[in-house]
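The values are calculated or read from the model by the stated rules, or taken from the named source; none is laboratory data. These numbers were taken from a predicted model, which means no experiment stands behind them. No Cβ is skipped: glycine too gets one built from the backbone with ideal geometry, and neighbour counts run over all protein chains shown.
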């Protein structure tokens, strides 16, 4: 009995080490190819359109209602202490430091990350990736490298959009709906935000861009190893990519916050 338990534990550890090594090699292969010519400008533009531009509406809508909810909840919390004038500071700092990069990353994962994993997964089960190897084309360079560049470009910009729209949403709730002086609201927003707060949010968005793109591309690329072939395999790999990306968003959010605070 004890021997079987040890064997199962050993198998789990070996599989974990294999998966970790495979992810590291996949990531290094893709990132090294960023600096190798010729550069894939066409593919980078295409993926920036898919990851960034097509996510603008979702990010703006999410940011607007997140800011409105923060303004509403923040007002009723602060008014108990007679500090409703600090609503602009509370909303802006919460968005810029924390909710902006995190919610942006989650929404991009749901909209674009799932699509990336599914697309590459279909290419794997239909043997298109094997065809690329047959034509002496590096599939990691072809599939992963332009996407990670596009994510690094898109995530900070979308995070900035989320922050601005979210602060506007807080203004709508706090000033227009609840009657806080609009000049006081904007003055506390301007005075409370420091460059370190903005930089911290951008650092998080860059880290999330790398993590999400790596996980989604990796899960799609190795669909056959983890989820099997067929439509069910692609479905499982896509689901796992989204779930794991969300988990790692929160893990890296804590780690980065710990070192920045």
Does residue 180 fit the bill of being touching a helix residue (DSSP H, G or I) at 6+ places or on another chain (Cβ under 9 Å), part of a helix (DSSP H, G or I) and closer than 29 Å to residue 202 by Cβ? no
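Sort out which residues of region 183-196 are part of a helix (DSSP H, G or I) and more than 20 Å from residue 62 (Cβ to Cβ), and write them in order of number. Give the steps one after another, and end with the answer.
Within region 183-196, the first condition is being part of a helix (DSSP H, G or I), and the residues that meet it are 183-192, 195-196.
183, 184, 185, 186, 187, 188, 190, 191, 192, 195, 196 - these are the residues of region 183-196 that are part of a helix (DSSP H, G or I) and more than 20 Å from residue 62 (Cβ to Cβ).
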Considering each residue of region 73-85, count those that are in contact with a helix residue (DSSP H, G or I) (Cβ under 6 Å, 6 or more places away or on another chain) and surrounded by fewer than 18 Cβ atoms within 10 Å (Cβ to Cβ), and give that number. 1
Which condition number in (1) over 10 Å from the mean Cα position of the chain (by Cα); (2) more than 26 Å from residue 194 (Cα to Cα) is the one that residue 109 fails? (1)
Condition check: more than 21 Å from residue 205 (Cα to Cα) and in a helix (DSSP H, G or I). Does residue 93 satisfy that? no
Based on this model, can you work out whether residue 242 counts as in contact (Cβ under 8 Å) with a residue 24 or more places away in the chain, buried (at least 22 other Cβ atoms within 10 Å of the Cβ), part of a helix (DSSP H, G or I) and in contact with a helix residue (DSSP H, G or I) (Cβ under 7 Å, 6 or more places away or on another chain)? no
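From the set of residues in region 225-239 that are touching a helix residue (DSSP H, G or I) at 6+ places or on another chain (Cβ under 7 Å) and surrounded by fewer than 17 Cβ atoms within 10 Å (Cβ to Cβ), which is nearest to residue 28 (Cα to Cα)?
Applying the filter and picking the extreme gives 226.
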Test result for residue 69, touching a residue at least 40 places away in the same chain (Cβ under 8 Å), within 15 Å of the chain's Cα centre (by Cα), surrounded by fewer than 20 Cβ atoms within 10 Å (Cβ to Cβ) and within 19 Å of residue 164 (Cβ to Cβ): no
Filter result (more than 20 Å from residue 241 (Cβ to Cβ) and either assigned to a loop (DSSP other than H, G, I, E, B) or in contact with a strand residue (DSSP E or B) (Cβ under 8 Å, 6 or more places away or on another chain) (or both)) within region 1-53: 1, 36, 37, 38, 39, 40
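Report, by residue number, each residue of region 142-162 that is under 16 Å from residue 26 (Cα atoms) and either modelled with pLDDT of 90 or more or surrounded by 22 or more Cβ atoms within 10 Å (Cβ to Cβ) (or both).
143, 144, 145, 146, 147, 148, 149, listed by residue number.
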Of the candidates 125, 116, the one satisfying the condition of being surrounded by fewer than 23 Cβ atoms within 10 Å (Cβ to Cβ) and more than 16 Å from residue 158 (Cα to Cα) is 125
